[in-house]
Amino acid sequence: MTPDLRASLRSVTIEVGLKGAVTLVVADHDTAIALRSGSVPVLATPEMISMIEYCCIDATKDYMDEGETSVGAHVCVSHEKPTYVDEEYVVSC
């Protein structure tokens, strides 16, 4: 980490219990086939993780200054069932 980056970091306190949700309808470009993470036309795990990260960024945006964002440190996910093209899914954080 560069000294300039280290100096620009700050700690942010986010309220316990903060929640968010994002809804998406799976498109062809969201599938395991399109993202080369599998061979079936279902929501790809990398896309699901991307939406989890987006949900967290969106939920915490009111705590961030201009140009700031949040970053993930650990991801542990599971699929409850396959989500096919044109089906809706919701990510909650």
* Structure fact -> Residue set Ser37, Ser92; condition in contact with a Pro (Cβ under 6 Å, 6 or more places away or on another chain) and not β-branched (Val, Ile, Thr); output residue Ser37
* Asked: Within region 60-93, can you find the residues that are more than 11 Å from the chain's Cα centre (by Cα) and among the small types (Gly, Ala, Ser)?
  -> Gly67, Ala73, Ser78
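Please go through region 54-93 and pick out each residue that is among the β-branched types (Val, Ile, Thr) and part of a loop (DSSP other than H, G, I, E, B).
Across region 54-93, the qualifying residues are Thr69, Val71, Val75, Val77, Thr83, Val85.
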* Select from region 34-55 the residues that are over 8 Å from the mean Cα position of the chain (by Cα) and under 17 Å from Val71 (Cβ atoms) and list them in ascending order. => Pro46
* To do: Go through (1) modelled with pLDDT of 90 or more; (2) open to solvent by 90 Å² or more (accessible area, probe 1.4 Å); (3) β-branched (Val, Ile, Thr) one by one and return the number of the condition Thr13 breaks.
  => (1)
* Since Met51 meets every condition but one in (1) part of a loop (DSSP other than H, G, I, E, B); (2) modelled with pLDDT of 90 or more; (3) surrounded by 11 or more Cβ atoms within 10 Å (Cβ to Cβ), which condition does it not meet? -> (1)
* Asked: Out of (1) modelled with pLDDT of 90 or more; (2) not in a loop (DSSP other than H, G, I, E, B), what's the single condition that is false for Asp4?
  -> (1)
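The values are calculated or read from the model by the stated rules, or taken from the named source; none is laboratory data. Keep in mind that what you see is a predicted model, and the values were worked out from it rather than measured. Here Cβ is always computed from backbone atoms with ideal geometry, including for glycine, and neighbour counts include all displayed protein chains. Areas reflect the complete protein model, heavy atoms only, side chains present, ligands, DNA and RNA absent. Shrake-Rupley method; radii C 1.70, N 1.55, O 1.52, S 1.80 Å.
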